[in-house]
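*Asks:* Here it is, the structure in full.
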Amino acid sequence: MHTFDFLDTNKPLYCALLDVIARGTARILSADASGVFLQDTVSGVYMLASATSGAGIRMMDAHPDEPVTVFTCYDPAIVDHAGQVYHLTRNTPCLQAVWLRPDMPAADDRLTITPARPDDLPFVSARYKLLDTEELAEVIREGKLFLAYAADDCIGFIGEHLEGSMGLLEILPDFRRKGYGRALEIFMIRHHLQASRTPYCHVICGNDASLALQENLGMTICPEKVYWCFRGE
């Protein structure tokens, strides 16, 4: 029997692991009082949270043959070791924004928001370049991408990454500076809360505009960084 009590020591920071465990898609590699190492079986992302660098390194060293290509953690020393063990060549530090308020934000009713369909993939992939077409197609198949309309005009979209974080926010150029990005994120926050999930997202360090949006919405910014590590170019 695995114990996940360690994750309760900082639920805002470790909400990604807690979310994956709660939805039943976690393949647990290690879990004890010192940390948790798991793989989300939907996205394939490996996640590690540990009380100390040594505990995290021990967990990785116990699983050196895992085919890790995407990995997240919260400790730069673990980033370095993961690079050596799993041949990860890139890492992106992010800040995590989490909805911790007891209330639900009021809906912004200016937009009509509908789930994307498979035939919307060319439209989305032409405008969102942070995921490849195959992953975007999977997001759409899973019902995790939403298109937004003002009257008859599609003004943009928002969604949920396969591992559970909010993202994929894109407002078309002609419709920017109208508050639509805020409206779409409110929609996603409400969507997660209505499913009894903790809304969270990752902001790449240095993206001050996105960070300001999270703060304006009432999201809590965790002081610790989240590191996304990747194999390949």
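The values are calculated or read from the model by the stated rules, or taken from the named source; none is laboratory data. Just so it is clear, the structure is predicted and the values come from calculations on it, not from any experiment. Neighbour counts are summed over all protein chains in view; Cβ atoms, including those assigned to glycine, are modelled from backbone coordinates with ideal geometry. The protein model used for the area step is the full one, side chains on, heavy atoms only, and it has no ligands, DNA or RNA in it. Shrake-Rupley method; radii C 1.70, N 1.55, O 1.52, S 1.80 Å.
*Asks:* Report the one residue of 77, 46, 222 whose Cα lies farthest in the direction of the positive end of the charge dipole of the chain (charges on C-beta: Lys and Arg +1, Asp and Glu -1; origin at the Cα centre).
*Replies:* Positive-end residue among those listed: 222.
*Asks:* Taking K and R as +1 and D and E as -1, what net charge do the other residues with C-beta under 11 Å from the C-beta of residue 181 add up to?
*Replies:* Result for the local shell: +1.
*Asks:* Tell me the per residue accessible area of the chain using a 1.4 Å probe; a whole number in Å² is fine.
*Replies:* For the chain, the solvent-accessible area averages 48 Å² per residue.
*Asks:* Please check: in the Gaussian network model of the chain (C-alpha springs, under 10 Å), which one of 218, 206, 164 has the largest mean-square fluctuation.
*Replies:* 206
*Asks:* Where Lys and Arg each count +1 and Asp and Glu each count -1, what net charge lies around residue 21 among other residues with Cβ under 14 Å from its Cβ?
*Replies:* Net charge in that neighbourhood comes out at -1.
*Asks:* Between the range 10-43 and the range 84-114, how many Å separate their Cα centres?
*Replies:* 17
*Asks:* Now for a different question. Post the alpha-carbon centroid distance, the range 52-76 to the range 166-233, in whole angstrom.
*Replies:* Rounded to whole Å, the Cα centres lie 26 Å apart.
*Asks:* Same structure again: Assuming 1.306 mPa s and 10 °C, estimate D for the range 30-91 with Stokes-Einstein, Rh taken as the Kirkwood radius over Cα pairs, in µm²/s.
*Replies:* Stokes-Einstein gives a translational diffusion coefficient of 139 µm²/s.
*Asks:* Right, next: Ignoring ligands, DNA and RNA, please state the percent of accessible area on the chain from carbon and sulfur, probe 1.4 Å.
*Replies:* With neighbouring chains kept in place, the figure for the chain is 51 percent.
*Asks:* Under a Cβ-only charge scheme (Lys and Arg +1, Asp and Glu -1), can you give me the dipole magnitude of the range 27-140 about the Cα centre, in debye to the nearest 20?
*Replies:* 220
*Asks:* Which order do 202, 2, 87 take by accessible area at a 1.4 Å probe, largest first?
*Replies:* Highest to lowest solvent-accessible surface, that is 87, 2, 202.
*Asks:* Provide the net charge surrounding residue 81, with neighbours chosen by a C-beta distance below 15 Å and charges set as Lys +1, Arg +1, Asp -1, Glu -1.
*Replies:* Result for the local shell: -2.
*Asks:* For Cα pairs less than 8 Å apart in space and 6+ apart in sequence, what is the mean separation divided by the residue count of the chain, i.e. the relative contact order in percent?
*Replies:* 26
*Asks:* Give the angle, between 0 and 90 degrees and rounded to the nearest 10, that separates the Cα long axis of helix 180-194 from the longest principal axis of the Cα atoms of the chain.
*Replies:* Value to nearest ten degrees: 60.
*Asks:* If you stretched the chain out fully between residue 107 and residue 10, how much longer would it get, using 0.36 nm times the residue separation minus the C-alpha to C-alpha distance?
*Replies:* Between residue 107 and residue 10, full extension yields an extra 32.0 nm.
*Asks:* Moving on to the next point. Assigning unit charges at the beta carbon (Lys, Arg +1; Asp, Glu -1) and nothing else, what dipole magnitude in debye, to the nearest 20, does the chain show about its Cα centre?
*Replies:* 380
*Asks:* Under a plain spin-label model, where a point goes 7 Å from the Cα along Cα-to-Cβ, how far apart in nm are residue 151 and residue 119?
*Replies:* For residue 151 paired with residue 119, the spin-label model returns 2.4 nm.
*Asks:* Tell me which lysines have Cα within less than 24 Å of residue 11's Cα, excluding those fewer than 8 residues away on the same chain?
*Replies:* Leaving aside lysines fewer than 8 places away in the same chain, those within reach of residue 11 are 144, 225.
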